[in-house]
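Below is one structure, written out as structure tokens; comments come after it.
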Amino acid sequence: MDSKSLRVGFIGAGRAATGLALALHRQGYRVTAVASRTLSSAEALAGRIQGCTPLKTPQDVADGCDLVFITTPDDAIATVARSVRWHRDMGVAHCSGAESAAILEPARNQGALVGSFHPMQTFPATSQGMASLSGIAFAVEGPPPLIDTLKEMAHALGGWPVEIAAEHRALYHLSGFLACGAVVTLMGQAAEVWKVMGYTKEQGLEVLLPILRSTVDSLEAQGTPSALTGPISRGDIGTVRKHLDALESQAPSIVPLYCIIALGAVALSREKGGIDQVKEQELITLLEDRLTRGRTLFVG
């Protein structure tokens, strides 16, 4: 059967469901049904897709579709898998990054083909479900022919599939957090420093966003470690010491974070060839000493 003739349904109508459902619909897939905790949420998504029906229960979606994506919060996936009566040979895929298909074992036991389909992408609230999936990796999992359909969907959306072993799913998801949530957290801390200097956090963010964009461009063009810049990449211990002194006196809560990130930068600098072994050890000694002091200051 042509995968674009499959009746595709969604259980869950949040950001991920909206992004995937709209993207699949634009590529000619038959997104025919959606259910959510509230009918109004299902109606809001279904109303944007011609031929899509908002349904009251997950069971209704399973009964009327050939392939169902479970796009609920991760903690609800197992509950959905247990509570629905699945049909033999239908496809069921969750969209969690951290979970393997094993969480869908109740559906597998009923004869369904189970897998996972996770885009390494965020779906911000302001995107209205229109976040681009072009150039995005999709973690896919499942038996044939389900995995073949999921791989085809990844390519149709302009991305590419990657297969992640079950024991590596947490690491896969963690890598996404480090590239996204951790960066947002770091930018929040960097902007917070501007309050010490008499500006608002919003003004600090405005100052810092251009350098973040430039850094992303450098990463894309050069990769790591070549894109690394700053005093650690040059072995400028005096400047690093000034950073630490300023933080200890004016923003002590950030000292541990700075030291941990800086130790990672030391390793990258060594890989880049920007510092020799002597400089590397001096920086490590300084940072580990201040990290111990910083933790004491933070707790105190």
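The values are calculated or read from the model by the stated rules, or taken from the named source; none is laboratory data. The model shown is predicted, which means the values in this text are computed figures rather than measured ones. When we count neighbours, we look across all protein chains shown, and the Cβ atoms used for this are built from the backbone with ideal geometry, even at glycine. Just the protein is used for accessible areas: all its heavy atoms, side chains included, with ligands, DNA and RNA removed. Shrake-Rupley method; radii C 1.70, N 1.55, O 1.52, S 1.80 Å.
A few points about this structure:
- On the stretch given as region 22-41, residues that are out of contact with any Lys or Arg (no Cβ under 8 Å at 6 or more places or on another chain) and aliphatic (A, V, I, L, M) total 4.
- Qualifying residue in region 34-57 (condition: under 19 Å from residue 86 (Cβ atoms) and either in contact (Cβ under 8 Å) with a residue 60 or more places away in the chain or out of contact with any helix residue (DSSP H, G or I) (no Cβ under 7 Å at 6 or more places or on another chain) (or both)): yes
- Counting the residues of region 210-238 that are touching a residue at least 12 places away in the same chain (Cβ under 8 Å), part of a helix (DSSP H, G or I) and more than 16 Å from residue 257 (Cβ to Cβ) gives 6.
- Residue 70 being touching a residue at least 40 places away in the same chain (Cβ under 8 Å), among the aliphatic types (A, V, I, L, M) and open to solvent by less than 20 Å² (accessible area, probe 1.4 Å): yes
- Entry remark, region 159-182: residues being hydrophobic (A, V, I, L, M, F, W, C), closer than 20 Å to residue 123 by Cβ and assigned to a helix (DSSP H, G or I) number 5 in total.
- Counted residues, region 270-295 - those being touching a residue at least 12 places away in the same chain (Cβ under 8 Å) and either acidic (Asp, Glu) or open to solvent by 90 Å² or more (accessible area, probe 1.4 Å) (or both): 7
- Picking from residues in region 2-33 that are free of Cβ contacts under 8 Å to residues at least 40 places away in the same chain and not small (Gly, Ala, Ser), the one that is least open to solvent (accessible area, probe 1.4 Å) is 31.
- Among the residues of region 81-113, those that are closer than 20 Å to residue 6 by Cα and loosely packed, with under 15 Cβ neighbours inside 10 Å comprise 85, 88, 89, 111.
- When the criteria are applied in full, residue 172 meets the requirement of being at pLDDT 95 or above, under 22 Å from residue 92 (Cβ atoms) and not β-branched (Val, Ile, Thr).
- Across region 241-259, a minimum of one residue is classified as in contact (Cβ under 8 Å) with a residue 60 or more places away in the chain, assigned to a helix (DSSP H, G or I) and out of contact with any Cys (no Cβ under 9 Å at 6 or more places or on another chain).
- Being open to solvent by 30 Å² or more (accessible area, probe 1.4 Å) and either of a type in the set (A, V, I, L, M) or under 23 Å from residue 275 (Cβ atoms) (or both) holds for only one residue in 227, 170, and it is 170.
Okay, residues lined up against (1) touching a Gly at 6+ places or on another chain (Cβ under 8 Å); (2) loosely packed, with under 15 Cβ neighbours inside 10 Å; (3) assigned to a helix (DSSP H, G or I):
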{"site": "139", "(1), (2), (3)": "yes, no, no"}
{"site": "144", "(1), (2), (3)": "no, yes, no"}
{"site": "148", "(1), (2), (3)": "no, yes, yes"}
{"site": "184", "(1), (2), (3)": "no, yes, yes"}
{"site": "190", "(1), (2), (3)": "yes, no, yes"}
{"site": "202", "(1), (2), (3)": "no, yes, yes"}
{"site": "208", "(1), (2), (3)": "no, no, yes"}
